[in-house]
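Quick notes on the structure that follows.
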Amino acid sequence: MLAGMARPYLRHTAQLEGDFVVFLIGARLVTPWKFWHIIPVGRAMSAMVKELEAHPELGYLGQETWGARTSIQVQYWRSRDHLMDYARKRDSAHLPAWRHFNQVVAKSAAVGIWHETYSIRAGEYECIYGNMPPFGLARATQRIEVTGTRETAKGRLGVTDGSDAPDGV
């Protein structure tokens, strides 16, 4: 690009056929002076993600992770059944990690864990990414350019034809 030329504002959204699940999961280091207690939790989560990425038939679509004292991982799953089946799958990395947490890590009270599950019906989600690399749902599924009916949030939700943007936007 030549000096002084404005870079185009690139907008994308995500496209996914059918229902899906957003699963939020994380941990919190409750007592920072006992930081070593969170190490097995982090290792277990890394092992689970590696296993899930190697086996797409399990229904895992992808994730984004942030963290410090409290971590959050936003995961995308094909269905609630896929998520629940993986959680209880006897030969998965999850079940032994769950047991270890409950039998060992939880007893120290140094680390807390949490999760939330949201079932999303087809067409009842909306997202936009401006000047972003593949991220979030668009990274986990299909990233498509914002054009036509996808020009506005209401258009992406199927409420309008996408021509309802306020003036100057």
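The values are calculated or read from the model by the stated rules, or taken from the named source; none is laboratory data. Bear in mind the structure is a predicted one, so any value in this text is a computation, not a measurement. Cβ coordinates were reconstructed from backbone atoms using ideal geometry, including for glycine residues, and neighbour counts include every protein chain displayed.
Okay, here's what the table says:
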| quantity | calculated |
| --- | --- |
| Filtered residue count, the range 146-169, keeping only those that are touching a residue at least 12 places away in the same chain (Cβ under 8 Å) and farther than 24 Å from ARG78 by Cβ | 11 |
| Evaluation of THR65 against (1) touching a residue at least 24 places away in the same chain (Cβ under 8 Å); (2) under 13 Å from ALA27 (Cα atoms) (one fails), failing number | (1) |
| Residues of the range 25-37 satisfying the condition of being among the hydrophobic types (A, V, I, L, M, F, W, C) and either surrounded by fewer than 19 Cβ atoms within 10 Å (Cβ to Cβ) or within 19 Å of GLN75 (Cβ to Cβ) (or both) | ILE25, ALA27, VAL30, TRP33, PHE35, TRP36 |
| Qualifying residues in the range 30-63 (those that are of a type in the set (D, E, K, R) and at pLDDT 95 or above) - the one farthest from ALA110 (Cα to Cα) | GLU57 |
| Count of the range 68-84 residues which are over 17 Å from LYS50 (Cα atoms), assigned to a helix (DSSP H, G or I) and touching a residue at least 12 places away in the same chain (Cβ under 8 Å) | 2 |
| Cross-chain or 6+ apart pairs with Cβ under 6 Å, the range 26-50 first and without any contact (Cβ under 8 Å) to a residue 60 or more places away in the chain, then of a type outside the set (Val, Ile, Thr) | ALA44/ALA97; ALA47/ALA93; MET48/ALA93; MET48/HIS94 |
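A quick yes/no check of all residues on (1) touching an Asp or Glu at 6+ places or on another chain (Cβ under 7 Å); (2) farther than 27 Å from TYR125 by Cα; (3) of a type outside the set (Gly, Ala, Ser):
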residue	(1), (2), (3)
HIS37	no, yes, yes
GLU53	no, no, yes
TRP66	no, no, yes
ASP85	no, no, yes
VAL105	no, yes, yes
GLY112	no, yes, no
HIS115	no, no, yes
